[in-house]
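Here's the structure we're looking at; comments come further down.
The values are calculated or read from the model by the stated rules, or taken from the named source; none is laboratory data. Only a predicted model underlies this, so the values are computations on that prediction, with no experimental measurement involved. Note that each Cβ is placed from the backbone with ideal geometry, even for glycine, and that neighbours are counted across all protein chains shown. These area figures cover heavy atoms from the full protein model, side chains too; ligands, DNA and RNA do not enter into them. Shrake-Rupley method; radii C 1.70, N 1.55, O 1.52, S 1.80 Å.
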Amino acid sequence: MARIGIEETLSDVKSALQEKGYETIDLRQEDDANNCDCCVISGQDKDVMGMQTASFGGSVINADGLSANEIVQQVESKIR
């Protein structure tokens, strides 16, 4: 199953993804995203975790304004 990086403030999204069987990784620093297939950020800080450069090669989903279910749907469509 895919590994999904989740910004720490998104606990509801983390729970919803875990219920679907996804492995979730807390994004505390830039290196945490290295082995993830997809990352979900809150969108409140455009430079989350101090990431000034786009070194992550996977999909990044901005959770701003989306429900946990909408985010799960986006994750599923990105990793297929």
### Message
For the list (1) among the aliphatic types (A, V, I, L, M); (2) modelled with pLDDT of 90 or more; (3) open to solvent by 40 Å² or more (accessible area, probe 1.4 Å), I need the number of the one condition that Ala54 fails.
### Response
(2)
### Query
Within the bounds of region 17-24, is there any residue that is touching a helix residue (DSSP H, G or I) at 6+ places or on another chain (Cβ under 8 Å), closer than 11 Å to Val75 by Cα, hydrophobic (A, V, I, L, M, F, W, C) and part of a helix (DSSP H, G or I)?
yes
### Summary
If you go through Val72, Val48, the only one that is modelled with pLDDT under 95 and crowded, with 16+ Cβ neighbours inside 10 Å is Val48
### Task
With the condition kept exactly as written, say whether any residue in region 6-24 is modelled with pLDDT under 95 and among the hydrophobic types (A, V, I, L, M, F, W, C).
no
### Task
Quick one: Ile41 ticks every box in (1) at pLDDT 90 or above; (2) open to solvent by 80 Å² or more (accessible area, probe 1.4 Å) except a single one, so which number is it?
(2)
